[in-house]
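The values are calculated or read from the model by the stated rules, or taken from the named source; none is laboratory data. Note that the coordinates shown come from a computational prediction; the quantities given were computed from them, not determined experimentally. We place every Cβ from the backbone using ideal geometry, glycine too, and count neighbours over all the protein chains shown.
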Amino acid sequence: MSEKFTWVGFSSVMPGLLAVGTDSGRVMLFSPKTNKLTTQKDGKHPGKHVSLVAGDWLQDGRLAVASSERMKVSAPIVVDESEPEWKTFAKFYIAGMTSKIPIQMVSTTKSYDSTPGFLAISLATPPYIAMTLGDKVVTVMDSSGLYKEEGFFIPLDYGHIVGMIWVAHEVVLIALANGYVVLVSAPLLMRQRKNAAASAPGRPATDAHQMPVTTKSMSTTRIFQNYLSAAIELEGSPAVLGDTSLKVLRVDMAKWGTDECLSIAADIEIEGYDPSRVGTSLNGIACKSEGGERLHVAVTSTGGLLHGFSLPGRGAAVHGA
């Protein structure tokens, strides 16, 4: 096989269904029933820069993948007796998005690399899609492709984007390298910019729909003093890694617009990590749930170290552990 794999992601609804993006702009799907990885005929990204570099699964079984020139959303992909199949549902053209980027505000040079880095799907139905263009710009759009996207950029002194997670109430959390976290309410953002996606058919009302349209749609909070390296969802709660610990965060929409909206629910020091060593940092995190009772967490740090620990899962909390 001459193609190189450039992105992979397991389905959020079909156990064992795996999507693979390639440098030729094609999607490949692995079926857990047939144990075959098949190249999809539909959905190929055309153009010069076609490597599929970011993606995410929607909760209804659809898949969104992005290259430097396109972002495409499939129809629901199922696993049955036949091989899983991609059929294109919506297309987004990234050139139109990148043409709006104020390069002088996001780069210290005359150029800016707008290759997508993160792509994340919101939790409600119909969902929003958030996608980063480079490491300083975020676009938010309805997944149908029927409405225009809305974008914003991160100031240079706040650091580059290192992670992005959707939480409840259609709020996207953006983690920044300088230790900051930005919260953005997609419903408020769309309402303020008079985007019809805010009232798309089937979109549920959230707390943000009841707020005055003049309410700030974004807020910024410093979580770490030195650096932030990664963000992850821990069984419904956002968590960020940086300095010497993993911090689990809580978002309170009743306090949106105040400093108390974002708080730290838990601050877990990484045992065995020595920040006094020159050049060391925490740089990666992964987690796996064990039947809802325990959540196993692995954190990596420079120097080749792996730090492992476990936390009570949702099931344990229910049973009073």
Check your understanding: So which of 148, 100, 91 is outside any loop (DSSP other than H, G, I, E, B), within 25 Å of residue 69 (Cβ to Cβ) and among the basic types (Lys, Arg)?
Key -> 91
Check your understanding: Does any residue of segment 158-172 turn out to be part of a helix (DSSP H, G or I) and among the acidic types (Asp, Glu)?
Key -> yes
Review point. Any idea which of 73, 53, 65 is within 24 Å of residue 149 (Cα to Cα), at pLDDT 95 or above and touching a Pro at 6+ places or on another chain (Cβ under 7 Å)?
Key: 53
Point to revise | Filter pass, residue 254 being surrounded by fewer than 16 Cβ atoms within 10 Å (Cβ to Cβ), at pLDDT 90 or above and either assigned by TED's automatic domain parsing to the domain that holds residue 304 or within 30 Å of residue 188 (Cβ to Cβ) (or both) | key: yes
Exercise for review: Could you identify the single residue in 276, 310 that is within 24 Å of the chain's Cα centre (by Cα) and either not in a helix (DSSP H, G or I) or not aromatic (Phe, Trp, Tyr) (or both)?
Suggested key: 310
Study note, to complete from the structure: Of the residues in segment 8-59, those that are under 17 Å from the mean Cα position of the chain (by Cα), assigned to a loop (DSSP other than H, G, I, E, B) and not hydrophobic (A, V, I, L, M, F, W, C) come to 11, 12, 59
Point to revise | Filter result for residue 177 (in the same structural domain as residue 117 (by TED's automatic domain parsing), loosely packed, with under 13 Cβ neighbours inside 10 Å, over 27 Å from residue 145 (Cα atoms) and among the hydrophobic types (A, V, I, L, M, F, W, C)) | key: no
Check your understanding: Looking at segment 123-135, is at least one residue buried (at least 23 other Cβ atoms within 10 Å of the Cβ), at pLDDT 95 or above and not in a strand (DSSP E or B)?
Key -> yes
Check your understanding: If we scan segment 77-87, do we find a residue that is under 20 Å from residue 123 (Cβ atoms), over 19 Å from the mean Cα position of the chain (by Cα) and either touching a residue at least 40 places away in the same chain (Cβ under 8 Å) or assigned by TED's automatic domain parsing to the domain that holds residue 119 (or both)?
Key -> yes
